[in-house]
Amino acid sequence: MTPTSPIPRVDRSQPLPLSYGQERLWFLDQFDTDHTAYSIPGAVRLRGALDVTALERSLQEIVRRHEVLRTTFVVQDGLPRQQIAPATFYLPVIDLSSMDPAVREVETEQRIQAEMAHAFDLATGPLFRATLLCLQPGSEYVLLLNMHHTVSDAWSLDLLQRELTQ
């Protein structure tokens, strides 16, 4: 391969080797009982009109474009390998709007905490999750996002944020 040669396309239908960073995190996951230690959770309160369908389509497109967000890690012949799933994404929407405002805030906080405590299974995934809590239809929502560190880091998190806000 010369310096001007394009990077060859790799067959994604077969499991692929892990990067060194992914391999390290996979190894730690095998021995660590705290399967949330490498979670990257976030919650964003959205106020104002929101097109939920457009938000879901945006997340679908991000997942389609970034195959790492649909990657899991399987063992093949005794070695960890990346397995890339088809590009499918569904945004669960949980309607909390019928609750009393004080109860709704407690429920919202509990759901945020539950997502933060929800462990990832590197072999079965998904390793990128999103849920939308509807607090007041058309005016107030909370978007919960969570990723495992094997599929995300500070740079890719910034990229996800920029792409989603666009």
Query raised in the report: Ignoring ligands, DNA and RNA, what percent of the accessible area of the range 40-103 is carbon or sulfur (1.4 Å)?
Result: 53 percent
Report summary line: Taking a ≥ b ≥ c as the square roots of the eigenvalues of the Cα gyration tensor, with a/c under 1.5 meaning rounded and otherwise prolate when a/b exceeds b/c and oblate if not, the range 117-166 is oblate
Query raised in the report: How high is the FRET efficiency from Gln110 to Thr33, r the C-beta distance, R0 35 Å, rounded to 0.05?
Result: 0.90
Query raised in the report: Quick one: length gained pulling Val52 to Arg65 fully straight, 0.36 nm per residue minus the C-alpha distance?
Result: 2.7 nm
Query raised in the report: When the scattering of the chain is computed by the Debye formula from its Cα atoms alone, each counted once and equally, what is log10 I(q)/I(0) at q = 0.13 Å⁻¹?
Result: -0.71
**Report entry** Alpha carbon Rg of the range 1-96, scaled by the compact-globule rule 2.2 N^0.38 Å
**Finding:** 1.43
Report summary line: Expressed in square angstrom to the nearest 10, the accessible area of Arg81 with a 1.4 Å probe stands at 60 Å²
Query raised in the report: Just by accessible area at a 1.4 angstrom probe, what is the order of Glu107, Glu61 from largest to smallest?
Result: Glu61, Glu107
Query - Cα gyration tensor category, rounded, prolate or oblate, for the range 82-166 with a/c compared to 1.5 - result: prolate
**Report entry** 222 nm mean residue ellipticity, helices alone, for the chain (DSSP H n ≥ 4; -39,500 (n - 2.57); rounded to 500)
**Finding:** -10500 deg cm²/dmol
Report summary line: The answer for the net charge of residues other than Ile94 whose Cβ lies under 14 angstrom from its Cβ, with Lys and Arg +1 and Asp and Glu -1, is -3
Query raised in the report: With every protein chain present, what is the per residue accessible area of the chain (1.4 Å probe, Å²)?
Result: 61 Å²
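The values are calculated or read from the model by the stated rules, or taken from the named source; none is laboratory data. Computed from a predicted model, the values in this text were never measured in an experiment. A quick note on method: Cβ atoms are made from the backbone with ideal geometry, for glycine too, and the neighbour counts reach across all protein chains shown. For the accessible areas, the whole protein counts, side chains as well, though only heavy atoms, and no ligand, DNA or RNA atoms are used. Shrake-Rupley method; radii C 1.70, N 1.55, O 1.52, S 1.80 Å.
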